[in-house]
Amino acid sequence: ENGGAVVIKAGESHADSKKGGGVFITSGAGTSAQEGSGGELVMMAGNAEGSSAGDGGRVEIRGGKAVGGRGGDVAVSGGNSYSGDGGALILQGGSSETGTGGDVIVDAGESGTHEESKEGMIRIAPTSASYVRIGRSGSKTVRTDVFGDLTVHGSFVSTNSMVFQDTYAERVHVSQEQDLVIQEETRVPKITGLDSEDVSATPTSTLTLDAGQGGSDQWIEIGPWEAEYITIGGKNNNASHGARDQSALLLRQGYDEADKRLQMNRTGAILMQAAASMPILIHTNPTRGTNNTGGDIDMLVGSGDTGHGGNMTLTSGDTVDARHRGGFLTLTAGGNNNTVGGRGGVVKVTGGFAGGTTDCDLDYYECGGLNITVAMYEAVLHGCTADAGTAASSAFLCGTMEVTAAQRTAVLGGCTQKCLGGAVEVSGGLSSGGVGGAVVVTGGATSSTDPYARGGNVEVRGGTAALGSGGAVLLSSGRSAQRSSGEVLVRTETSGNDGVSGEISVETGASAVGDSGGITLATGSAMTGAGGDVNLLVGSGDTENGGAVVIKAGESHADSKKGGGVFITSGAGTSAQEGSGGELVMMAGNAEGSSAGDGGRVEIRGGKAVGGRGGDVAVSGGNSYSGDGGALILQGGSSETGTGGDVIVDAGESGTHEESKEGMIRIAPTSASYVRIGRSGSKTVRTDVFGDLTVHGSFVSTNSMVFQDTYAERVHVSQEQDLVIQEETRVPKITGLDSEDVSATPTSTLTLDAGQGGSDQWIEIGPWEAEYITIGGKNNNASHGA
């Protein structure tokens, strides 16, 4: 059976002058100010899913019928917008893969009277529309048939061929009140002015060819495609066509001198000038299906045999309007519109060829009338740093070379040299009162969505040489006579949403003979301020590890040579008035998270060796001539709630496991006069020694000294040492040494005696707690004290 219907029906009204209930279906509003969108309202009839000829469901929207009143209107309109585009209204028949597409039928209502004045009208754009398009669908043009008279209240414009077919016997008459506007080709064998018989009243036979008004281009083109000969002027006086006296050619747009556009006189000189604010365009005709290349345009200046070659100057226009700039000067290579591998043209700007091979003076430059040595020329180009703050100075220090102000100015103004190839200079414009013009060199953009497509490179290379050194690449900011010199900023741009930022690589080339080139990263010195910082910073990351800073010196593969060193030295404070050396701080990164992330490690390790000695690691405080030497502090990290970090000092082990080859830990082996172990601030720290402890000198304890019974071995004090205890000694038994305790000839005597030099020299036995005191009584295999 049929599917169940959904019926929505409002209530009827039987009251006079009242109306039946309405049916309102409204989708939800998007009230957010941040791109909130209204909900869709979709009315769609059911699909016919079967492959046999079942029809899709109909959608019918119809106004209500009336008996004596007006039938209900049906209004379908796109949504209004305050600042965006209004919504479109689309009426479209259904498409079909193999059948016929559905029609779109728009018709007015008929009248039963059949009176033409009462028939409904079809009105398109009766009030608001400013443009009506009929007969264009996508990229194709659709034919439109009009059955009946077509009245155009306005101009009739055809954008394609307009053919007056020979099936019409009558002429097409365009009255004196009308213009014939044709926007494409008009094909006629001859165009002449009107004959007197063609017009009424007083006729004129003048033929005027003129450009239209108001268009972006106002040209007249004569013979642009097929003409083999073009003749202009030369009234035919019973002679061959075009016969005239030889004369100059003048194209003009007015009668003033400034209205001359192209003038060729009998001497061969050519004058081309455009009207004020209008361009001059010179281009070759593009190929049209001829399988040939586009035509070249060559602009050549004549050569000279006694002086220099002729100059060529391209200058855009000046202006005196304070609100606008001077004209652009644009050089653009040709594009390629082929979507299959099309490549854009290249813009090449090349200095002039120098053909000299003899009498070439390569030791000097000629700079503004001065002879400048090559060494001075290069020193100036590398920068004169000693002139900071002395703009009016008459002498400069460029590297290690003294240069006069005149020499420096001459070099910066440009130099030449015998056999020197022509330079290419690109300079921003001079400003009299504001900022000088920038020089912007930008690689080409790409609109490709291929992930391997990238923007064009900007490549700056010095010139190659057959025998001498290759040309240098010098990048220098501008100098200010009174204030700061310009910055030099080298950076890669921020990445897109799905990419990473680009790398910066600074490297010198490989060397076939001798040392490879070095890299110097240095800031300039300052006369009244601080030297500039050198900051080496790595960007942070939010999903992966932070970027590393890797400093690695070069390897050496030569016999008896060593790898390159890494030297990090903070700046010296050379002032005699409390000048201090700069700090050298090496600090691993913090772990800022509250979870168990570890702070970064700091590892300083000498280099490994195979047959030689491993590299030493020397860490020492700074020396001082008259002040205190710098301290060396080794300290484990503290913790608020966890365990403080250990300090581990250990010697290197030997794979032989021979004790004599194990490394030693030596504290104060040469210079120290005092060693303190186990004191931290105001507290005393316990020190454990696992193994024998040998004291070469006196062993002094400033507090109780306890020999615990947890240690199985005895504490041995050698014959050369005294045991000095300045407070109480607690032991269960004191005896003389057994013979096994000492080497050589032993003595087992125990001596108790008072010390020397004190105010009291007593021996007290049992002065406080002893209940029994026994002295003597040698034990002969009996109980103690028997």
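The values are calculated or read from the model by the stated rules, or taken from the named source; none is laboratory data. From a predicted model like this one, the values you see are computed outputs, not experimental measurements. So basically every Cβ, Gly included, is an ideal-geometry build from the backbone, and we count neighbours across all protein chains shown. Only protein heavy atoms, including side chains, enter the accessible area calculation; ligands, DNA and RNA are left aside. Shrake-Rupley method; radii C 1.70, N 1.55, O 1.52, S 1.80 Å.
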| aspartates and glutamates whose Cα lies under 14 Å from that of Lys418, excluding same-chain neighbours fewer than 8 positions away | Asp359, Asp361, Asp363, Glu366
| Using alpha-carbon positions, what is the distance between the centroids of segment 516-536 and segment 314-378, in Å? | 32 Å
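Please give the contour-minus-distance gain from Ala45 to Thr409: 0.36 nm per residue of separation, less the Cα-Cα distance, rounded to one decimal in nm. Kindly include the intermediate steps, with their values, before the conclusion.
Numbers: separation 364, 0.36 × 364 = 131.04 nm, distance 8.52 nm.
Between Ala45 and Thr409, full extension yields 122.5 nm more.
Given the Cα-Cα distance of Ser516 and Arg58 and 0.36 nm per residue of separation, how much length would full extension add, in nm? Display every interim value, and only then the final one.
Numbers: separation 458, 0.36 × 458 = 164.88 nm, distance 8.35 nm.
Contour length minus the Cα-Cα distance gives 156.5 nm.
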| said: Using C-alpha positions alone, give me the convex hull volume of segment 426-535 per residue in cubic angstrom. | reply: 245 Å³
| query | Near Gly11, within a Cβ-to-Cβ distance under 13 Å, what is the net charge of the other residues, with Lys and Arg +1 and Asp and Glu -1? | reply | +2
| Percent RCO, i.e. relative contact order, over segment 66-149, from Cα pairs under 8 Å lying at least 6 residues apart | 11 percent
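Taking all protein chains together and a probe of 1.4 Å, list Glu119, Glu49 from the most accessible to the least accessible. Could you put the intermediate results ahead of the total?
Values: Glu119 65, Glu49 150 Å².
Output order, biggest surface exposure first: Glu49, Glu119.
Calculate the FRET efficiency for Val549 and Ser501 from the Cβ-Cβ distance with a Förster distance of 22 Å, rounded to the nearest 0.05. If you can, show how the numbers build up before the last one.
Details: r = 16 Å, r/R0 = 0.74.
Given R0 = 22 Å and the Cβ-Cβ separation, E is 0.85.
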| Whole-Hz Karplus ³J(HN,Hα) for segment 61-77, in order, using 6.51 cos²θ - 1.76 cosθ + 1.60 and θ = phi - 60°, x for Gly and Pro? | 10, 9, x, x, 6, 9, 9, x, x, 8, x, x, 6, 10, 10, 10, 9
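R0 = 41 Å: FRET efficiency of Ala125 with Glu97, Cβ-based, nearest 0.05? Before the final figure, lay out the partial values.
Working: r = 34 Å, r/R0 = 0.83.
Efficiency at R0 = 41 Å is approximately 0.75.
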| message | Just to compare against my own numbers: the Cα pair-distance distribution for segment 522-644, 10 Å bins, whole % per bin, please. | response | 7, 25, 29, 28, 9, 0
| query | What are the principal axis extents of the Cα atoms in segment 34-162, in Å, biggest first? | reply | 47, 47, 46
| request: Report, by chain and number, residues whose modeled amide H sits under 5 Å from the one on Gly599, excluding near sequence neighbours (fewer than 5 apart, same chain). | output: Ala591
| So how far apart, in nm, are the two label points at Ser701 and Gln635 if each is 7 Å from Cα heading toward Cβ? | 3.0 nm
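Using a Förster distance of 51 angstrom, determine the FRET efficiency expected from the C-beta separation of Ala609 and Gln726, and round it to 0.05. Intermediate results must be reported in sequence, preceding the final value.
Numbers: r = 50 Å, r/R0 = 0.97.
That pair, Ala609 with Gln726, gives E of 0.55.
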| field | In nm, spacing of pseudo-spin labels at Ala274 and Met664 (7 Å Cα→C-beta vector) | value | 9.3 nm
| request: Towards the positive end of the charge dipole of segment 491-558, with charges on Cβ (+1 Lys, Arg; -1 Asp, Glu), say which of Ala530, Ile504, Val549 has the farthest Cα. | output: Ala530
| query | So which lysines can Lys608 reach, going by Cα to Cα under 29 Å and dropping same-chain residues fewer than 8 places off? | reply | Lys552, Lys561, Lys562, Lys661
| task | State the extension gain, in nm to one decimal, for the chain segment bounded by Ser759 and Asp217, taking 0.36 nm per residue of separation less the distance between their alpha-carbons. | result | 182.6 nm
| message | Below 19 Å, Cα to Cα, which lysines can Lys118 reach? Residues fewer than 8 away in the same chain don't count. | response | Lys65
| query | Which ³J(HN,Hα) values in Hz, rounded to whole numbers, follow from the phi angles of segment 46-57 under the Karplus curve 6.51 cos²θ - 1.76 cosθ + 1.60, where θ = phi - 60° and Gly and Pro get x? | reply | x, 6, 9, 7, x, 7, 7, 7, x, 8, x, x
| Area of Trp219 that stays accessible when all protein chains are in place (1.4 Å probe, Å², to 10) | 130 Å²
| field | Ser595, Ser51, ranked by accessible area, largest first (probe 1.4 Å) | value | Ser51, Ser595
| note | In terms of the charge dipole of segment 329-436, which places +1 on Lys and Arg and -1 on Asp and Glu at the beta carbon, the residue among Thr350, Val411, Tyr365 farthest towards the positive end is Thr350
| Gyration tensor over alpha-carbon atoms, segment 424-486, equivalent ellipsoid semi-axes in Å | 30, 24, 10
| query | Which value, in Å² rounded to 10, gives the accessible area of Met121 with a 1.4 Å probe and all protein chains present? | reply | 150 Å²
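Contact order normalised by length for segment 543-598, with contacts defined as Cα pairs under 8 Å and 6 or more residues apart; what percent is it?
Details: 35 pairs, mean separation 9.7, N = 56.
Answer for segment 543-598 is 17 percent.
Once you have the Kirkwood Rh of segment 614-699 from its Cα pairs, apply Stokes-Einstein at 25 °C and 0.890 mPa s and quote D in µm²/s.
Values: Rh = 16.9 Å.
Stokes-Einstein gives a translational diffusion coefficient of 145 µm²/s.
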| field | Whole-angstrom Cα spans of segment 324-470 along principal axes, big to small | value | 60, 46, 32
| query | Which value, in Å² and to the nearest 10, is the accessible area of Ile775 when all protein chains are kept and the probe is 1.4 Å? | reply | 150 Å²
| message | Using the Karplus curve 6.51 cos²θ - 1.76 cosθ + 1.60 with θ = phi - 60°, what ³J(HN,Hα) values do you get for each residue of segment 573-590, in whole Hz, with x for Gly and Pro? | response | x, 8, 6, 6, 9, 6, x, 10, x, x, 6, 10, 10, 10, 9, 6, x, 6
